[in-house]
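See structure below.
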Amino acid sequence: MKKILPSIIAIIFLAAGCNASTKPSENQNTSIPQESPKAQDINSKTSNKLLTYTNVRYGFEFKYPSTWKVVNETVVDNNLLLKVDLAGPDEIQDNKYTATLSVYSGSSYGNDLNRMVQVTEDLFGKMQDTQIAGEPAKKIIARSSGGSKKLTLKADFIHKGLGYRISSTGWVKDEYLAVADVEALLATFKFLE
């Protein structure tokens, strides 16, 4: 009996250690696999009627919820060519953004999608392969670590030498609905060619 009891205790500790090592720690980000909605399904995924944002200079458009507002549209510098910030009703008063679309020059990442997504993958883990507007893209939905523990969605793709990044951090009360709204934006993004 004296020999069996230490063996049982060792097995319990070993099993507990294996179980603990498979859980993400508080300091890790966790990726949440999700399917992208089809463009025809977006109205069932969002709670709002959709408006259209069009940028003639860079030749693209996308739809976004009618309760959101384009709160900032700036030309930044030679690397970050355009930044469009959108905010839902809860964020406008807090000066936060629900989603940001950024357009980068090819010189900032060498026209290489894998290079473009490297920082995001270093922070959140491997991005999923997908397509946006017919272009190969990388996307991730992850829960950030730390105090806020908000959902983050990032999607990167390249078109005609320019890099496009659509990102969202779930500052809103219903972060899953915000992600569904941003997914709708991704599903409706298209180039005007």
Which entries of Lys49/Lys190; Lys49/Lys154; Lys49/Lys139 have Cα-Cα distances beyond 20 Å here?
Lys49/Lys154; Lys49/Lys139
Neighbourhood net charge (12 Å Cβ-Cβ; Lys/Arg +1, Asp/Glu -1) for Gly59
+1
Around Leu153 (Cβ within 9 Å, Cβ-to-Cβ, excluding Leu153; K/R +1, D/E -1) the net charge comes to +1
Kindly rank 116-128, 157-169 from highest to lowest mean number of other beta carbons found within 10 Å of each residue.
157-169, 116-128
I'd like to compare 131-137, 73-79: which one has the highest average count of other Cβ atoms within 10 Å, and what's the full order after that?
131-137, 73-79
7 Å from Cα along Cα→Cβ at both Glu73 and Asn114: what's the point-to-point distance in nm?
3.7
Distance (nanometres) between label positions extended 7 Å along Cα→Cβ at Asp129 and Ser66:
4.0
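Read-outs throughout are calculated quantities, based only on the coordinates presented, and are distinct from any laboratory measurement. Computed from a predicted structure; not experimentally measured. All Cβ positions, glycine included, derive from the backbone under ideal geometry; neighbour counts span all protein chains shown.
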